[in-house]
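Following: one structure in structure tokens, then a few remarks.
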């Protein structure tokens, strides 16, 4: 089918590329009352981009709209951006694990078993537990008018839970989840259970005293949210042409010298793993920050063309959206501190297990005002209790220049592999109380 | 199409089955600074089949395209057998309706050439830059969408609806002496292409606010008497009340405001009206085929109603209110707000600010976020109130408090009710995104905790 789409354009455009993505997602959820619901979602998305008379146009469609796709892309090119687009030529693809047979074969009974296994481990008195399990199975095909024709099969499986302490004042829902190409193992479920217990068990602390100026330690889950401005600053238009605070600073030290950030689509079996990007560019490992020094940005063909740099293979085509640049699997190099040593290093400080990303925070400049509903006071290397209403403010980039310690416990959370990280220079108040 | 849908539905072996099919045409033009980055159109067809039978849970199968509608019908039944429900799924009875409201659209955005849409985006971006020399960056997103929906149920309900909507969103960034400020704005209207003709005024306002923020002083944190403009009041009430006035969705907060609870003063009445004329979320029947109706939620400060779909209505012994809305092309319908309003009170804006020694006037919102029983609201812009008059502009204003304690601080509601023309949406976890409208007059609250946030 992808060949037919490109054949229909022969002689009418300077160049073109197309992506077809299919997906079959099966989901099981179990309510706190024990009711099980099962649903299946199938989708088929086609994306087409054309270059015609120096302008770029693109369109997307589902299922039986593919026949209209060409006409829409041509109309889009008539009004599109003036841009030279250099499509890649065919090249050997690296071998990357993107599919797990047992994940692809998982049916409602398997997923229900996983969800129940998680639920049974999480249930305690005074808890309200809702769980879900999901697997998706599909494929990606990429082709262009320079004879690229690549494809790979994909699976993604996940489990998650929302746990609430009944009767606990102001305790927000505790949300945890796990996702990877293969089905979660028992150890993965146990890790989620341990995290929930760790977050829910400490009692609420009243009268914690002044928090301002204390060091902050982010667990890997909290760090996923905290690093969002870093992802934005290293990616796409903002990084190369926009208002990223890192723009124009290649080769300079921008973060603490102990920080190394890498994007790696070749790691087997993770949500961002893939042999080729949605522009048809072969995937490769990209160093972003090495020992605090800025090494590279992520780009795709269009942003690369605008900025005059090559694509790094970070193109994503999403349903009914313009092509965009995004990281694949982000890894932050682990440090040397065990979890115990990290807490001891804090002295008196705050441990943050999860963060609430709010609209209005500036994802580009790194200026943040974030609620930290899962924050804990640490004294003498031990958690003293949970803090309510903590609001964290400051600048992400400045905090990442003031790293106090990095954990040795790098953990996969979706497409990120992150250690715990202790930093200084953030302000904390409890203004919501 | 009707014959194909009914034929597929007729193959279901479930006691209850519903098939919803949607076709969505959309156009997007994105202008960044003075460059058109995106000018594209798309079409998507898809839907969902849900079914249940005695002793089974819901089974749902969603799909792309409309080629083989019988496959998801059979799959949904198969999945319902894999589910389990302690209580049988019970749906509150509704009158079976057959409704055709798919007359050709006036001013159909699909008939407007993409070049004309591109020109609108470019001229709006140029207008932002032309407003002031201190504007250094602009972004304009113009969208239009046409949605055709078919819904059939095994009970005999048949709906066919065609509607369109246009929207414009704008961002302006101003810079002076190293100080960088930004402002956002949007408008959205049900109807045809000309529905966004007033976007020029909106983008001018966005540019003006970005420049004004350059010289605004940061707000001093503390407790203030706060007057919310209709836009901010509507957003606050949508987040604070409508989310707590319907049974919990999967993965969301389970708290529901109990009937009879006093949550505010006599002057506060709130409701949700999906029948309000001409608004983006207005409907005749919801995504389960229930006739929508205006639903009072809070009357004189006391909770009097909830928003329901058929299942939640049956489980609580109430009548469905017509608030079942699917948040995605292939999503299940859940109880969601549509057009949430604060009922009109008495007095003018001047009456509300008269007598305030030091206070704040909050206009529009950058964000409103509720988690658990807490809500945080960031103002789009704000001015001090001093001795009963509007005074200097301040920036970085955010109010944060317990939901119910905040509503308890309402002490006056104005008479100047209006629906907000902004392109508001409601995001709700796995339930997806639905367009909403809020409406309110000016509302005054006393002793509100105000902090300094990012503007």
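Given the options B:344, B:374, name the one that is free of Cβ contacts under 8 Å to residues at least 60 places away in the same chain and within 29 Å of the chain's Cα centre (by Cα).
B:374
When you go through B:327, B:331, B:317 one by one, which is the residue that is surrounded by fewer than 24 Cβ atoms within 10 Å (Cβ to Cβ), modelled with pLDDT under 90 and at positive phi?
Every option except B:317 fails the conditions.
Whether any residue in the range B:375-391 is outside any strand (DSSP E or B), surrounded by fewer than 23 Cβ atoms within 10 Å (Cβ to Cβ) and in contact with a strand residue (DSSP E or B) (Cβ under 7 Å, 6 or more places away or on another chain) is what I want to check.
Within the range B:375-391 (the criterion being outside any strand (DSSP E or B), surrounded by fewer than 23 Cβ atoms within 10 Å (Cβ to Cβ) and in contact with a strand residue (DSSP E or B) (Cβ under 7 Å, 6 or more places away or on another chain)), the answer is no, since none of the residues qualifies.
For the range A:212-297, which strands (runs of 3 or more DSSP E) that fit wholly inside it have 1 or more residues that are surrounded by fewer than 18 Cβ atoms within 10 Å (Cβ to Cβ)?
A:286-290
Can you find even one residue in the range B:85-100 that is surrounded by fewer than 24 Cβ atoms within 10 Å (Cβ to Cβ), over 26 Å from the mean Cα position of the chain (by Cα), facing chain A (nearest Cβ under 7 Å) and on the phi < 0 side of the Ramachandran plot?
Yes, the conditions are met somewhere in the range B:85-100.
If the requirement is being modelled with pLDDT under 90, under 22 Å from residue B:164 (Cβ atoms) and within 12 Å of chain A (Cβ to nearest Cβ), which of these qualifies: B:82, B:66?
After ruling out the rest, the residue left standing is B:66.
Within the range B:62-84, which residues are closer than 19 Å to residue B:24 by Cβ and crowded, with 23+ Cβ neighbours inside 10 Å?
B:62, B:63, B:64, B:72
Residue by residue through the range A:363-385, note down the ones that are surrounded by 20 or more Cβ atoms within 10 Å (Cβ to Cβ) and either away from every other protein chain (no Cβ under 13 Å) or modelled with pLDDT of 95 or more (or both).
Hits for the range A:363-385 are A:375, A:376, A:377, A:378.
This table checks each residue for (1) in a helix (DSSP H, G or I); (2) within 25 Å of residue B:328 (Cβ to Cβ); (3) assigned by TED's automatic domain parsing to the domain that holds residue B:287.
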position	(1), (2), (3)
B:23	no, yes, no
B:29	no, yes, no
B:46	no, yes, no
B:56	no, yes, no
B:81	yes, yes, no
B:104	no, no, no
B:116	yes, no, no
B:121	yes, no, no
B:125	yes, no, no
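Out of everything in the range A:327-362 that is modelled with pLDDT under 90 and assigned to a strand (DSSP E or B), what residue ends up being surrounded by the fewest Cβ atoms within 10 Å (Cβ to Cβ)?
Top of the filtered list is A:359.
Going through the range B:28-50 one residue at a time, which ones are more than 9 Å from every other protein chain (Cβ to nearest Cβ) and more than 29 Å from residue B:76 (Cα to Cα)?
Residues satisfying the conditions are B:31, B:33, B:34.
From (1) at positive phi; (2) part of a helix (DSSP H, G or I), pick out the condition that doesn't hold for residue B:110.
Failed condition: (1).
Restricting to the range B:206-225, what's the tally of residues that are part of a loop (DSSP other than H, G, I, E, B) and more than 22 Å from residue A:429 (Cβ to Cβ)?
Qualifying residue count for the region: 1.
Quick one: how many residues across the range B:256-278 are under 16 Å from the mean Cα position of the chain (by Cα) and assigned to a loop (DSSP other than H, G, I, E, B)?
6
In the range B:150-164, what residues are more than 19 Å from the chain's Cα centre (by Cα), over 15 Å from residue B:111 (Cβ atoms) and part of a strand (DSSP E or B)?
Correct list: B:150, B:151, B:152, B:153, B:158, B:159, B:160, B:161.
Please state which of the following conditions residue A:124 fails to meet, knowing it meets all the rest: (1) touching a strand residue (DSSP E or B) at 6+ places or on another chain (Cβ under 8 Å); (2) farther than 30 Å from residue A:58 by Cα.
All conditions pass for residue A:124, except number (1).
For the range A:192-211, enumerate the residues that are surrounded by 16 or more Cβ atoms within 10 Å (Cβ to Cβ) and either under 25 Å from residue A:156 (Cα atoms) or modelled with pLDDT of 95 or more (or both).
A:192, A:193, A:195, A:196
So which of B:323, B:238 is away from chain A (no Cβ under 14 Å) and over 29 Å from residue B:97 (Cα atoms)?
B:238
Output the number of the condition that residue B:392 fails; it satisfies all remaining conditions of (1) within 26 Å of residue B:206 (Cα to Cα); (2) at pLDDT below 80.
Unmet condition: (2).
With (1) buried (at least 24 other Cβ atoms within 10 Å of the Cβ); (2) away from every other protein chain (no Cβ under 14 Å) as the list, and residue B:398 as the residue in question, which single condition is left unmet?
(2)
The values are calculated or read from the model by the stated rules, or taken from the named source; none is laboratory data. The structure presented is a predicted model; accordingly, all values stated were derived computationally and were not measured. Every residue, glycine among them, receives a Cβ derived from its backbone with ideal geometry; neighbour counts consider all protein chains shown.
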